[in-house]
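Participant: Next up is a structure, given as structure tokens.
The values are calculated or read from the model by the stated rules, or taken from the named source; none is laboratory data. As the structure is a prediction and not an experimental result, all values here were calculated from the model. Here the Cβ positions follow ideal geometry from the backbone for every residue, glycine too, while neighbour counts run over all protein chains shown. In case anyone asks, the SASA skips ligands and DNA or RNA and just uses the protein heavy atoms, side chains included. Shrake-Rupley method; radii C 1.70, N 1.55, O 1.52, S 1.80 Å.
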Amino acid sequence: MKKLTTKDLCRTTDDEALKFKSTSELPSLKQVIGQERAVRALEFGLELLAPGYNVFVGGVPGTGKSTIVKNLVQKFAATKPVPDDWIVVFNFRDEYNPKVFRLPAGAGIKFTKQMKRLISSLSTDLPKVFKGELYAKRKKEITAEFDTGRDEIIASVNVEAAEQDIQLTLTQEGFQTIPLKDGEPMSEEAFAALDEKEQAELNERIGMIQEHLREALRDMAELEEEREDVVENLQEKIALDSVEHRIGRLLENYADHPGILKYLQNVRDDIAEHVQEFVGMNVGSEDEEGGVSPQQVQKALMQRYKVNLLVDNSRQEGAPLVIDTNPSYYNLFGRIGKKAVMGAWYSDFTMITPGALLKANGGFLILDIQSVLQNAHVWEPLKRALKNKSIQIEDVNEQFGFSSTTSLKPEPIPLDLNVILLGRSDYFHYLQEVDDAFNKTFKVRADFDYEVNRNTKNEHLLCQFIARVCRESKLPHFTSGAATQIIVYSSRLAGDKNKLSLQFGTLVGLITESAHWARKQKHRQVWMEDVRKAISEKRFRGSLYEEKVWENIESETLLIDVKGEHTGQINGLAVYSMGDNSFGKPSKITATTYMGEPGIISVEREAKLSGKTYDKGNLIINGYLGQTFAQNFPLSVAITLTFEQSYGGIDGDSASSTEIYAILSALSGFPIKQGIAVTGSVNQWGEIQAIGGVNEKIEGFFHLCDIRGLTGDQGVIVPNSNVAHLMIMPDIQAAVKAGKFHIWAVDTIAEGIELLTGVKAGVMNKHGNFPARTVFGEAQSKLKKYFLKGQALNK
């Protein structure tokens with residue numbers, strides 16, 4: 001057992017040892033503190049660009065891993081080459097499967113502008129060509145040539161009709177055949193006056209002429225089609241010549257790119273084929289019923305020749321780094337847009353937009369694993385894309401049958417990037433267990449530590465970190481005394497006087513809040529009292545629940561004694577957490593012993609209020625009692641344990657030593673001093689083991705004793721292995737120094753029970769018995785009485 005002094009309660013730093021008066025004298029922190037393992041793992045994953053060597057960066061929130069990873073990846077990406085551009089163009093063979101091409105960085109926007117200029121110039125020049133004299137003259141010649149042929153056909157029919165005394169007349173309804181008599185049209189009365197034979201003969205001649213007329217009209221129609229073909233061929237030839245003149249330079253420039261070359265040839269041929277629509281010829285000026293306007297026809301045609309620049313790396317320096325904070329399916333994989341046209345959904349290749357994967361192609365993509373898993377239909381496609389090294393932009397609704405329209409399906413795009421996932425380590429373990437493909441896809445694990453050894457070097461680095469935050473956030477600098485308070489707070493946050501916390505998010509918050517209070521006091525620099533004010537104010541803001549608990553204790557609604565002695569009763573200590581605020585709360589634990597079925601009855605366990613770790617602690621108590629007292633006879637005692645006035649769930653084994661003390665007091669009859677609270681777990685040999693939240697537990701019991709009045713006899717027993725974790729508040733240090741409060745560190749149950757009762761624990765002799773008038777001796781005596789009485793009752 002050791003009675004602790006103020007030196008044991010907290011590790012401070014002498015501000016003179018820091019060798020500066022203000023953090024303004026220090027350089028800003030440029031290196032990473034205490035993360036050598038994580039940095040080396042990350043660098044390994046970034047350098048080894050092999051399949052599956054993506055990186056999972058794990059660690060507790062607030063350790064600065066996002067910022068550190070971003071900075072490291074940015075530096076690494078700057079040394080890598082700029083990746084290619086990606087463009088999407090119209091597929092003239094299958095409009096539902098747009099073509100995708102890659103071009104060197106900067107060539108994508110250049111090609112886009114070249115195509116825009118080409119189509120713009122052609123839309124101006126081609127109409128001029130077809131309004132020119134050369135085209136008009138040649139078309140007139142073709143028309144005249146075919147008009148002559150048509151006239152000849154009509155003339156031959158007219159000659160034949162005249163020979164048969166029949167006249168051909170052209171009306172709105174078409175050609176009419178009228179019989180002649182003496183060179184004049186025959187009237188109906190004259191026709192009726194003919195006998196039947198003459199009428200039949202005349203009708204036969206009319207029928208023959210009509211048949212020849214029908215044949216002539218068919219010949220004329222064929223002639224007209226032939227004329228239109230000749231005119232269209234003329235138009236296509238003229239268009240080809242004009243387009244060839246404009247597109248020839250592009251064909252030369254992209255001769256070493258077969259895909260682009262073929263696309264340009266298709267553009268040339270398509271313009272020639274659709275030259276009438278291109279220049280607005282032979283298109284009516286009014287909409288047809290249920291049709292589209294000529295402007296819409298021309299606009300739709302022009303849309304085919306646009307270039308969709310998916311990824312433009314013309315201004316990129318080094319490899320890209322993309323951080324997607326909302327990795328939904330479309331944000332990550334890209335989207336095929338749609339718009340409503342005449343009551344239906346319409347989409348084309350110009351409405352395809354890239355996602356983060358494509359933007360980061362050739363570089364690095366940082367994602368938060370929690371966001372990835374929370375977004376539907378993202379995790380599996382992401383693994384598939386990384387495995388296949390290919391990305392397919394598609395409509396996710398179509399995959400699940402939620403879309404009734406056929407969507408576009410552009411060609412798959414090769415994928416070459418490194419994905420870095422950020423998240424808590426428990427996500428890594430979970431995915432390892434449930435996803436067989438996870439280890440094959442993310443082969444590199446970079447774990448960020450949450451603490452670092454506290455030494456002079458790291459203390460100075462932490463001060464440089466303070467200087468950096470002050471400069472970046474334009475805050476007043478910290479005096480050396482204020483910096484020591486940040487160092488002490490960092491050790492308390494780590495829960496170890498020999499460690500410094502790497503939870504930079506929390507430290508930045510404290511630095512910012514301290515600067516606020518300094519400015520409020522019109523301090524030019526942040527002083528020690530400003531930091532203490534920030535700590536106390538932060539605790540006050542989150543302490544409403546704690547305050548209500550203490551109100552119940554002060555009003556004695558919760559019955560807890562801090563004076564006097566009681567048998568089978570002891571004060572245990574628990575930690576309650578509400579958000580980022582934790583506080584210690586004393587709890588009365590009582591034990592009763594009696595004859596009955598051997599074993600421990602935990603009221604919490606029976607009421608199903610206990611957790612597994614607490615239940616394990618109860619079983620260890622059974623083992624300890626058996627090992628200590630059941631060497632000569634079996635235990636025949638029933639023990640009931642409970643946390644008085646506790647109605648919520650409990651867990652953890654930090655009260656197991658406390659419960660043993662209460663049991664020993666109940667068995668031996670020696671009362672326990674109520675001014676001493678206890679915490680610590682225990683093993684079956686009675687050795688006291690470390691627990692968590694030791695600082696909060698001590699401070700909680702001190703607060704209660706301070707409210708009730710310090711007597712000088714009060715204190716807390718903690719495991720000796722927890723002494724290294726003590727970072728106690730200054731007011732408790734002062735009370736310990738003044739002898740008003742005490743803290744003891746013990747290694748065994750025997751040491752603790754002697755302190756609690758003031759009676760020797762007792763040492764077992766070679767016969768397995770403990771001396772009389774010792775705690776263990778009296779407890780053994782009662783257990784033996786229970787055993788003998790039990791035997792007598794069973795006879």
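Participant: Here are the criteria: (1) hydrophobic (A, V, I, L, M, F, W, C); (2) modelled with pLDDT under 90; (3) open to solvent by less than 20 Å² (accessible area, probe 1.4 Å). Tell me which single one Ala591 does not satisfy.
Facilitator: Failing condition for Ala591: (2).
Participant: Now for a different question. Name the residues in the stretch 686-703 that are surrounded by fewer than 24 Cβ atoms within 10 Å (Cβ to Cβ) and more than 18 Å from Asn581 (Cβ to Cβ), would you?
Facilitator: Gly686, Glu687, Gln689, Ala690, Ile691
Participant: For the stretch 545-571, give me the residue count where each residue is within 20 Å of Asn695 (Cα to Cα) and either open to solvent by 70 Å² or more (accessible area, probe 1.4 Å) or within 42 Å of the chain's Cα centre (by Cα) (or both).
Facilitator: Final tally of qualifying residues: 5.
Participant: Kindly list, by first and then second residue, each pair from a residue in the stretch 15-33 that is farther than 14 Å from Glu459 by Cα and outside any loop (DSSP other than H, G, I, E, B) to a residue that is modelled with pLDDT of 95 or more and open to solvent by 30 Å² or more (accessible area, probe 1.4 Å), limited to pairs with Cβ atoms under 9 Å and residues at least 6 apart or on different chains.
Facilitator: Close Cβ pairs (under 9 Å, with a partner that is modelled with pLDDT of 95 or more and open to solvent by 30 Å² or more (accessible area, probe 1.4 Å)) amount to Ser22/His477; Ser22/Gln525; Ser24/Arg471; Ser24/His477; Ser24/Gln525; Glu25/His477.
Participant: Let me ask something additional. Please specify each residue of the stretch 319-357 satisfying the condition of being in a loop (DSSP other than H, G, I, E, B), touching a Phe, Trp or Tyr at 6+ places or on another chain (Cβ under 9 Å) and of a type in the set (Gly, Ala, Ser).
Facilitator: Ala319, Gly355
Participant: If you don't mind, another one. Please enumerate the residues belonging to the stretch 426-457 that are more than 17 Å from Pro381 (Cα to Cα), open to solvent by 40 Å² or more (accessible area, probe 1.4 Å) and among the acidic types (Asp, Glu).
Facilitator: Asp426, Glu433, Asp447, Asp449
Participant: Being over 46 Å from the mean Cα position of the chain (by Cα), farther than 30 Å from Lys740 by Cβ and open to solvent by 30 Å² or more (accessible area, probe 1.4 Å) is the filter here, so list the residues in the stretch 643-685 that pass it.
Facilitator: Gly669, Trp685
Participant: Now, a different point. Taking into account only those residues within the stretch 779-795 that are of a type in the set (D, E, K, R) and closer than 14 Å to Leu625 by Cα, which is least open to solvent (accessible area, probe 1.4 Å)?
Facilitator: Looking at the filtered set, the residue picked out is Lys782.
Conditions (1) modelled with pLDDT under 95; (2) within 14 Å of the chain's Cα centre (by Cα); (3) open to solvent by less than 60 Å² (accessible area, probe 1.4 Å); (4) farther than 21 Å from Thr112 by Cα, marked per residue:
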{"position": "Asn326", "(1), (2), (3), (4)": "yes, yes, no, yes"}
{"position": "Tyr330", "(1), (2), (3), (4)": "yes, yes, yes, yes"}
{"position": "Lys338", "(1), (2), (3), (4)": "yes, no, no, yes"}
{"position": "Met342", "(1), (2), (3), (4)": "yes, no, no, yes"}
{"position": "Thr350", "(1), (2), (3), (4)": "yes, no, yes, no"}
{"position": "Leu367", "(1), (2), (3), (4)": "no, yes, yes, yes"}
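Participant: Kindly indicate whether Leu358 is surrounded by 18 or more Cβ atoms within 10 Å (Cβ to Cβ), under 19 Å from the mean Cα position of the chain (by Cα), modelled with pLDDT of 95 or more and over 19 Å from Val55 (Cβ atoms).
Facilitator: In short, yes.
To keep it simple, each residue is scored yes or no on (1) over 24 Å from Asp324 (Cα atoms); (2) among the polar types (S, T, N, Q); (3) at pLDDT 90 or above; (4) open to solvent by less than 80 Å² (accessible area, probe 1.4 Å).
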| position | (1), (2), (3), (4) |
| --- | --- |
| Pro51 | no, no, no, no |
| Val55 | no, no, yes, yes |
| Gly62 | no, no, no, yes |
| Lys70 | no, no, yes, no |
